[in-house]
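Here's the structure, in structure tokens; my notes come after.
What follows draws every value from the coordinates through simple rules; no lab data is involved. Quick caveat: nothing in here was measured; it's all calculated off a predicted structure. Cβ atoms come from the backbone with ideal geometry, glycine included; neighbour counts cover every protein chain shown.
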Amino acid sequence: MVDIGIPVMGHLGLTPQSVHKLGGYSVQGRGDAGPQLLHDALALQEAGVYAIVLEMVPADLAIEVTQALRIPTIGIGAGNGTSGQVLVGYDMLGLNDGFSPKFLKRYANLADTVREATAAYIAEVGDRSFPGPEHSFKR
């Protein structure tokens, strides 16, 4: 893809699409797996990716990988030694109150707000108070 001009971002460590294959949300790159993750990062850089996401890897390994590369790393659950950080907006806003990995910091708890707003909408549609005249058009 890189060869035909499509920008590619690599992703190492936990890959959410493989979470069940990996046995759940577990830290990747511990012990003997650390050197392989570094090797994979260097291979991705050589292949032409413009950056690499490091997800759920030990903080010291994330620093080692970041220092070994010429391209930026973006951490999610990889400590603060990467080039940048990312959190899933849905998670950081507290919209999924059933998901709470160690690396997640919730900056809001909007799940209750969304449930309350949805219940109010359903009730108003049910009793036909919404839409009211102020939300309707005339000929």
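Taking the radius of gyration and the Kirkwood hydrodynamic radius from Cα positions alone, what is the Rg/Rh ratio for the chain, to two decimal places?
Expressed as Rg/Rh, it is 1.21.
Quickly estimate the mean residue ellipticity at 222 nm for the chain, helices only: each DSSP H run with n ≥ 4 gives -39500 (n - 2.57), and the total goes over all residues, rounded to 500.
Calculated mean residue ellipticity at 222 nm is -10000 deg cm²/dmol.
Fully extended, how many nm does the chain gain between ILE71 and ASN96 (0.36 nm per residue separation, minus their Cα-Cα distance)?
Here the segment from ILE71 to ASN96 would lengthen by 5.8 nm.
Report the label-to-label distance for ASP3 and ALA43 in nanometres (one decimal), using points 7 Å from each Cα along the Cα→Cβ vector.
Placing both labels 7 Å along Cα→Cβ, they lie 1.7 nm apart.
Picking from ALA41, ALA111, ALA59, which is most flexible by a Gaussian network model of the chain using Cα springs under 10 Å?
ALA111
Where is the GNM fluctuation largest for the chain (alpha-carbon springs, 10 angstrom cutoff): ALA123, ALA108, ALA68?
With Cα springs under 10 Å in the chain, the top fluctuation among ALA123, ALA108, ALA68 is at ALA123.
Based on the mean of other Cβ atoms within 10 Å per residue, sort peptides 93-100, 22-29, 9-16 so the most packed one is first.
Details: 93-100: 13.5, 22-29: 15.2, 9-16: 19.2.
In descending order of packing, they fall as 9-16, 22-29, 93-100.
Given N residues in the range 88-129, what is its alpha carbon radius of gyration divided by 2.2 N^0.38 Å?
Normalised Cα radius of gyration, the range 88-129: 1.49.
What order do you get for 73-81, 112-120, 42-50 when each peptide is scored by the mean count of other beta carbon atoms within 10 Å, highest first?
The peptides rank, most packed first, as 73-81, 42-50, 112-120.
How big is the dipole moment of the range 74-139 about its Cα centre under a simple scheme where the beta carbon of each Lys and Arg is +1, that of each Asp and Glu is -1, and everything else is neutral? Debye, nearest 20, please.
Values: 7 positive and 7 negative charges, 37 e Å.
Here the range 74-139 has a charge dipole of around 180 debye.
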